[in-house]
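**Q** One structure coming up, written as structure tokens, with questions to follow.
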Amino acid sequence: MAIKDRAASPQPVIKCESVYKIFGDNAAALLRTSGGVVDAKAFQDAGCIIGVNNASFEVHKGELLVVMGLSGSGKSTLLRCISRLTEPTAGKIFIEGEDLTAMSGKQLVDLRRNKMGMVFQSFALLPHKTVLENIAFPLQVKGQSTAASIKRAMEMVQLVSLDGRENYYPRQLSGGQQQRVGIARSLAVEPDIWLLDEPFSALDPLIRKEMQDEFLRLQGLLQKTILFITHDFDEALRLADRIAIMKDGVIEQLDTPANIVLRPATDYVAKFTRDVPREKVLSCANLMEPVSDAPVSAMKVHQDAIIKTVAEAVLNESLPVQVVDDAGQPVGILNAKTIIHILFGTRGTQDMVR
């Protein structure tokens, strides 16, 4: 995916400033006396559990940020803090410039109903309602008429390719189809922000891949601002504009997939990336050389294309291949020798990457 132009939207949609979530009766007092420096063992000895430890980051309009880590890393707790389903112990959270931590209960309800769409690991469909009724339900809670909510729900049915199943009950659907209903229901309210907590983890691998494809299709159409939680690194690499890797409540690194893999900031991040094939991460833009007057092939590849998807075709060309932008204008060239090095070489890869 292309990284969004943040200069075009200077104000982030989501902004976290030194967010902490520490579970325990004396958590706030301990945090104040620690001066924000959290010693995990000391807090644990005092009967506290660290969920999120000094998280600061921004998510810009149309960006898809994947937060990943192992079980207990704090990724889901962070998402719940951002929706304020869980109260942060300290720090500030801003949604489009508004301080979420200062909002009243009514303001929070309005925000969740009108700006946030949420999808969780459990499908949480109402078993006694049809697909159409499940999708229409949050609209009716907002006060829309039955006719208007059903019309909008039918649009969402078509969006997630469930045409012909709108009158089915959840028990009549596969796991992947149920998850599509959950996604359609969250999109029905037209949220600006989409929060997804391991939405595909309960699905078998084949259906999971199909749902990732569907998710990418929807994001291509809708360009939502997304915070996506997963423990699956392959899923993160496939979906993310940027990835945040968490451990023990701390964001160890937040960067593009290519930089996460090629330039891990900590030993912990390096463990996640050690066996990741570079061709699954790097794009043509990462590896292209400057445009020159040398002869080139008639073949062209897009700058955002992942190397894995174009490698065979590039290797079949006798001349370097042009790399083009969205307007079809040349922005670089890609050599077969570079592809071969990425596929089979192990030394000096970082030096080749733009």
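**Q** Do we have any residue at all in region 67-77 that's within 28 Å of the chain's Cα centre (by Cα), closer than 24 Å to LEU216 by Cα and in a helix (DSSP H, G or I)? Talk me through it step by step, then tell me what you get.
**A** Step one: of region 67-77, the residues within 28 Å of the chain's Cα centre (by Cα) are 67-77.
Going one step further and asking which of them are closer than 24 Å to LEU216 by Cα, we end up with 67-70, 75-76.
Those left that are additionally in a helix (DSSP H, G or I): 75-76.
Checking region 67-77: at least one residue is within 28 Å of the chain's Cα centre (by Cα), closer than 24 Å to LEU216 by Cα and in a helix (DSSP H, G or I).
**Q** Checking the conditions here, which among LEU206, LEU125, LEU195, LEU216 is at negative phi, outside any strand (DSSP E or B) and surrounded by 18 or more Cβ atoms within 10 Å (Cβ to Cβ)? Let's see the steps before the verdict.
**A** On the way: LEU206 fails: surrounded by 18 or more Cβ atoms within 10 Å (Cβ to Cβ); LEU195 fails: outside any strand (DSSP E or B); LEU216 fails: surrounded by 18 or more Cβ atoms within 10 Å (Cβ to Cβ).
Criteria check complete, one pass: LEU125.
**Q** Here's something else I'd like to know. Spot the failing condition for ILE260; the list is (1) within 21 Å of the chain's Cα centre (by Cα); (2) assigned to a helix (DSSP H, G or I); (3) more than 26 Å from SER18 (Cα to Cα), and only one is missed.
**A** (3)
**Q** Another one. Only one of these conditions is not met by LEU85: (1) within 23 Å of GLN121 (Cα to Cα); (2) touching a residue at least 12 places away in the same chain (Cβ under 8 Å); (3) outside any helix (DSSP H, G or I). Which number is it?
**A** Among (1) within 23 Å of GLN121 (Cα to Cα); (2) touching a residue at least 12 places away in the same chain (Cβ under 8 Å); (3) outside any helix (DSSP H, G or I), LEU85 violates only (2).
**Q** When you check LEU282 against the structure, is it under 30 Å from GLY69 (Cβ atoms) and of a type in the set (A, V, I, L, M), yes or no?
**A** For LEU282, the condition - under 30 Å from GLY69 (Cβ atoms) and of a type in the set (A, V, I, L, M) - is met.
**Q** Continuing with this model, one more query. Take PHE215 and tell me if it is of a type outside the set (Lys, Arg), in contact (Cβ under 8 Å) with a residue 60 or more places away in the chain, within 30 Å of PRO277 (Cβ to Cβ) and assigned by TED's automatic domain parsing to the domain that holds TYR268. If you could, list the steps in order and put the result at the bottom.
**A** Working: of a type outside the set (Lys, Arg): yes; in contact (Cβ under 8 Å) with a residue 60 or more places away in the chain: no; within 30 Å of PRO277 (Cβ to Cβ): yes; assigned by TED's automatic domain parsing to the domain that holds TYR268: yes.
No, not satisfied.
The values are calculated or read from the model by the stated rules, or taken from the named source; none is laboratory data. Treat the numbers as computed from the prediction; the structure is a model and nothing was measured. In this analysis, Cβ positions are derived from the backbone assuming ideal geometry, glycine residues included, and neighbour counts consider all displayed protein chains.
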